[in-house]
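Have a look at the structure below before the remarks.
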Amino acid sequence: MAAGGASWSVGDLDDASGRACLEAALDAGVQVVDTAGAYTRADSAHHNEELVADVLARRYGTASLGDAADPSHGGRPVVVTKVGHHRTGAASWDVDARPEVLHRDVRGSLRALRAEALDVCLLHWPDPAVPLEESVGALADAQREGLVRAVGVSNATAEQLDALLGAPGADGAAVAVLQTRLSALEAAPAPGTQALLALCERAGVQVMGYAPFGGPGRLWRALAARGGDAGAAEPSPLAELARAWGCSAHQLLLAWLLQAHPRLTAVVGSTRPASAREAAAAGAPDHPLAHLTAGQHRDLSAAVAELHARTATTQGSAPSDSSEDHR
């Protein structure tokens, strides 16, 4: 899984808490960190990337952050960042994926991350005003210059990615990573997402899925409708299973999602170190949830199916600690 950094910079979380969340995720073995130029304070630029750089520099040393000649990353986690999306106010963001803007953004991310080369650089959102192949072509140019190791796109449709991969020249071939919304609170991905996942499988494109719990507070609302994790009169089957297995409902849902999509890298945000550790544990290959028996898998699938049956109609207010990222 990947530690999602947006909630450490978009909102009211203080820097010390954000750093503590990332430290907790890394301590728990997370090997991918997801950030973006757009994940920043309303009155500053590149806040999240700078926070990530601070933590990694203390843990691994400055030299390991950006040695373009060291594809092994010096033992540190892979950092995925995104460009072409900019915070313009307290609650407003703008998409600008013109090639000249992306070149500027890449260099801004390099400075913020104190890097000679970005591990993975994604186009954050396709820009309706700019042909997608031109935007990704700008990132491919940066890759050829040695400023970026791997290129990808976020929030693209299957049709957009298919056209991009089929484009003449190296621009389509440069796409190594696709990031998209993929929630465990949906019984199956929407048809468009299914087509996108199938295309990535055929083309060998790595998939990163964000908002694995459906969006801020959505799992909490679904559980609260039947008593939630706290154990009211009629707790949900998922909450009951979580208690029986000594884990949380979030961990069960994450395990179910990763089993449904074995090649997925789930991007999980956190605002508390305990949440970061919990998610990392559920996504670890040596965790018991990664090695369920056939009977346990049936029990988990049944509990998740019951949750799916009523998720769309649940109502309620979210708790203060949401695990989802602004996208």
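Points worth noting:
- Candidates in segment 171-201 are the residues that are touching a Phe, Trp or Tyr at 6+ places or on another chain (Cβ under 8 Å) and of a type in the set (G, A, S); of these, the one that is farthest from H124 (Cα to Cα) is A184.
- On the stretch given as segment 1-21, residues that are polar (S, T, N, Q) and part of a helix (DSSP H, G or I) total 2.
- For the residues A276, A260, the requirement of being of a type in the set (G, A, S) and at pLDDT 95 or above singles out A276.
- Identity of the residue in segment 136-153, of a type in the set (G, A, S) and within 21 Å of the chain's Cα centre (by Cα), that ends up surrounded by the fewest Cβ atoms within 10 Å (Cβ to Cβ): A150
- Restricting segment 198-228 to residues that are surrounded by fewer than 21 Cβ atoms within 10 Å (Cβ to Cβ) and touching a Pro at 6+ places or on another chain (Cβ under 8 Å), the residue that is modelled with the highest pLDDT: G217
- If only residues of segment 160-185 that are assigned to a loop (DSSP other than H, G, I, E, B) and either under 22 Å from V267 (Cβ atoms) or touching a Cys at 6+ places or on another chain (Cβ under 6 Å) (or both) are counted, the one that is modelled with the highest pLDDT is L182.
The values are calculated or read from the model by the stated rules, or taken from the named source; none is laboratory data. None of these values were measured; they are calculated from a predicted model. Cβ atoms come from the backbone with ideal geometry, glycine included; neighbour counts cover every protein chain shown.
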